[in-house]
Amino acid sequence: MFNYLKFIRTRNFPHIWCPGCGDGIILKALIRAIDGLDISRDEAVMVSGIGCSSRTPGYVDINTLHTTHGRALPFATGVKHASPDLNVIVVTGDGDATAIGGNHYIHAARRNINLTVLLYNNYIYGMTGGQCSPTTPRGDRASTAPYGNIEPPFNTAGLAISAGASFVARADVYNVKRCEKMIRQALEKDGFSLVEILTPCPTAYGRRNRMANPVKLMEWLRDNTVPVQKWEKLSPEEREGKVRVGVLADTEKPEFTAEYRKLIERVQGE
Amino acid sequence: MKKTIMGNHAVSYGVRASEAKVISAYPITPQTHVVELLSEMCANGEIDAKFIKVESEHSAMAACVGASAAGSRAFTATSSQGLLLMTEMLHWAVGSRLPIVLANINRAIGPPWSIWTDQNDSLSMRDVGWVQIYCESNQETQDTIPQAFKIAEQLQLPVMLVLDAFFLSHTYEIVDILEAEEVRDFLPPYKPEIKLDVNEPHSFGNLASPDYYMELRYMIEEAMGEARELIKKTGKEFGERFGREYGLVHPYRCDDAETILVCSGTVASTVRAVIDQMREEGIKIGSLKMRVFRPFPFEEVREILGSAKKVAVLDRNISFGGHGIFFQEVKSALYGFTDIPVVGYILGLGGRDVTPEVLREVADKAINDKNPETYINWIGVKK
């Protein structure tokens, strides 16, 4: 049995996440990934913004920075730039990263700075009670879209790839082994690494969308996520309504802090 | 019709009665119920308005600026960090003289994170140029929205309503609900003199050289000056039509009071209960509730406090390195008019409860402390 306690601030328990929420599953997968790579607690920094996802650092006993809504990436950029040796992990959500912090999201990816970003996508603003977010699917209900959402959602992983991230993966909390593996790969990658993690919100999203039962949301993840290898074999019709999971992009690109160091060496001499 | 509703929904009903045309908002605790109900009303036709779900508070105010410049009655609501993020656009609304109404739910600023009430968010916007009205009850909140639009549209100045987080935003009270039909005479549809119009083009936000900038600032201050009488007149007219009158300040048992407690927001109700209790004991004490903070009601403050022997100002806020903010303003208003002692008390920050016991402690201190050591007296701080 894995001992989570060495990474957990038990004094902050009980946690704020609702029954049926997937955020705790991500927390445990992340701890296992950190431990598996032998990253010490002193070498790791976790930075978050605002929302249910962003409460994660409150429970993890490493260096943590719980910042303002949407701004985790600029804070993390400052940390990484000041101390490039630190493993900087950013924990954010769909609202935090792609709405109020959308500009930082694309620019951090463009710069390809070596951050590991876990984007918990629950399709809703959970903490404030279920408002429509930039990933709420079209037609779904939210407290600010009581008769259905008319706006198309972002493809958050696609956005990071287009912006220039060197590693982009999508995982979900039902397939937890894969989730842990994706986080581990992201931590190992030298460059901007995003893992979008689909996580259920029965309270704010499920209740309004005929999936109040957390088990149903988990079953949805089980039945509708398709690994990339299998995805390639599906016809466009078969892909309808399904979500591709796994590594979506893994490329070698110049990393920002290394490039910066090279520039200084070139201009100032070694 | 009377309904039992939460403070946040009192805002929503006030906006419905005012027939706002564009509502733009971003979620933040403890404000979100305001715009959730409005989004429902927009969708089901209870209000003929458009609801815009934006990606941040900065964008929420920017969308209100755009809608107002295009000639629509625009509204948004926010709180704390959201208000701070809006700051640039709050200045924009004032500088371009757009009569937007905003409801801010007073919430403490982080870090450390807090979702509970204090006034540092709205008071950090004191110099921006928005009229600021602090509400005490759900009824007052609802009633103040149409007054706010009326004042804003006559002065071409934006108006901010301020409500205490949870103590007001989430508290249920009986409210006599205003209907749009009965408010329409009091608040006719918005017809701006200048708007973005393809047939008669105008410009908002242009460059002003040093030859003109100062004059435009002078005109904002002039409008703020006019706001005092207009707020009183509007509150009186509202009273004549709906039976509930509102002013710049609300004095309570001040006529023969030797000590007066100056307060704002929901604390005002608790203060009145403590005053009643102390009056029964024969203590000559009264209270002055500051309903309007900007423009500051200098005359009323001088007149009412001038006859007291001692003034105690209760601040649910702190200007670091200065004093409580209401204290600073009251003291400067009294300068040159009276030399009675004015003492400041800081209390209830980050949502700490201000109970009758706490207020009794402040009142006793104010009366008995002959030579308070400082103008900044912290109440209930654990040391």
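Does segment A:70-90 contain at least one residue that is of a type in the set (S, T, N, Q) and either on the phi > 0 side of the Ramachandran plot or within 14 Å of chain B (Cβ to nearest Cβ) (or both)? The answer is no, given that none of the residues of segment A:70-90 is of a type in the set (S, T, N, Q) and either on the phi > 0 side of the Ramachandran plot or within 14 Å of chain B (Cβ to nearest Cβ) (or both). Annotation note: Cβ proximity below 7 Å between a residue of segment A:47-64 that is part of a loop (DSSP other than H, G, I, E, B) and a residue that is surrounded by fewer than 24 Cβ atoms within 10 Å (Cβ to Cβ) and among the charged types (D, E, K, R) (sequence gap 6+ or interchain) occurs for A:49/A:71; A:61/A:9; A:61/A:41; A:62/A:41.
Residues that are of a type outside the set (Asp, Glu) and surrounded by fewer than 24 Cβ atoms within 10 Å (Cβ to Cβ): find the helices (runs of 4 or more DSSP H) completely inside segment B:47-155 holding 3 or more of those.
On the way: elements: B:57-69, B:80-95, B:120-123, B:138-155.
In segment B:47-155, the matching helices (runs of 4 or more DSSP H) lie at B:57-69, B:80-95, B:138-155.
Among the residues of segment B:8-29, those that are touching a Phe, Trp or Tyr at 6+ places or on another chain (Cβ under 8 Å), crowded, with 24+ Cβ neighbours inside 10 Å and more than 9 Å from every other protein chain (Cβ to nearest Cβ) comprise B:15, B:18, B:20, B:23, B:24. Against the definition (modelled with pLDDT under 95 and among the acidic types (Asp, Glu)), how does residue B:361 come out, yes or no? The answer is no for residue B:361. On the stretch given as segment A:252-270, residues that are assigned to a loop (DSSP other than H, G, I, E, B), free of Cβ contacts under 8 Å to residues at least 12 places away in the same chain and not small (Gly, Ala, Ser) total 1.
Candidates are the residues of segment A:46-67 that are crowded, with 20+ Cβ neighbours inside 10 Å and of a type in the set (S, T, N, Q); the one that is nearest to the other protein chains (Cβ to nearest Cβ) is A:67.
Could you tell me which of the residues B:1, B:86 is within 21 Å of residue B:146 (Cβ to Cβ), more than 9 Å from chain A (Cβ to nearest Cβ) and not aromatic (Phe, Trp, Tyr)? Outline the logic, then answer.
On the way: B:86 fails: within 21 Å of residue B:146 (Cβ to Cβ).
Only one candidate qualifies: B:1.
Can you find a residue that is outside the structural domain of residue B:119 (by TED's automatic domain parsing), modelled with pLDDT of 95 or more and not in a loop (DSSP other than H, G, I, E, B) anywhere in segment B:368-375? Checking segment B:368-375: not a single residue is outside the structural domain of residue B:119 (by TED's automatic domain parsing), modelled with pLDDT of 95 or more and not in a loop (DSSP other than H, G, I, E, B). Residue A:248 meets the conditions (1) part of a helix (DSSP H, G or I); (2) under 29 Å from residue A:141 (Cα atoms) in every case but one. The failed one is (1). Of all residues in segment B:224-276, those satisfying the criterion of being under 18 Å from residue B:300 (Cβ atoms), among the hydrophobic types (A, V, I, L, M, F, W, C) and out of contact with any Lys or Arg (no Cβ under 9 Å at 6 or more places or on another chain) are B:254, B:261.
In the set B:40, B:36, which member is buried (at least 22 other Cβ atoms within 10 Å of the Cβ) and within 14 Å of chain A (Cβ to nearest Cβ)? Break it down into steps so the answer makes sense when it comes.
Details: B:40 fails: buried (at least 22 other Cβ atoms within 10 Å of the Cβ).
Being buried (at least 22 other Cβ atoms within 10 Å of the Cβ) and within 14 Å of chain A (Cβ to nearest Cβ) holds for just one of B:40, B:36, which is B:36.
Residues in segment A:97-108 that are closer than 12 Å to residue A:156 by Cα and in contact with a helix residue (DSSP H, G or I) (Cβ under 8 Å, 6 or more places away or on another chain): A:97, A:98, A:105, A:106. Among residues of segment B:366-383 that are within 16 Å of residue B:353 (Cβ to Cβ), those with a Cβ under 7 angstrom from a residue that is assigned to a loop (DSSP other than H, G, I, E, B), sequence gap 6+ or separate chain, pair up as B:379/B:347; B:380/B:347; B:380/B:352. In segment A:153-172, the condition of being more than 15 Å from the chain's Cα centre (by Cα), modelled with pLDDT of 95 or more and among the β-branched types (Val, Ile, Thr) is met by no residue. Among the residues of segment B:244-298, those that are hydrophobic (A, V, I, L, M, F, W, C), within 28 Å of residue B:152 (Cβ to Cβ), in contact (Cβ under 8 Å) with a residue 40 or more places away in the chain and in a strand (DSSP E or B) comprise B:249, B:262, B:263, B:290, B:292, B:293. Among the residues of segment B:298-317, those identified as among the hydrophobic types (A, V, I, L, M, F, W, C) and out of contact with any helix residue (DSSP H, G or I) (no Cβ under 7 Å at 6 or more places or on another chain) are B:304, B:308.
Summed over segment A:109-141, residues that are at the interface with chain B (Cβ under 9 Å from one of its Cβ atoms) and in contact (Cβ under 8 Å) with a residue 60 or more places away in the chain total 4.
The values are calculated or read from the model by the stated rules, or taken from the named source; none is laboratory data. Everything quoted here is computed from the prediction, not taken from an experiment. Note: ideal-geometry Cβ built from the backbone for every residue, glycine included; neighbour counts use all protein chains shown.
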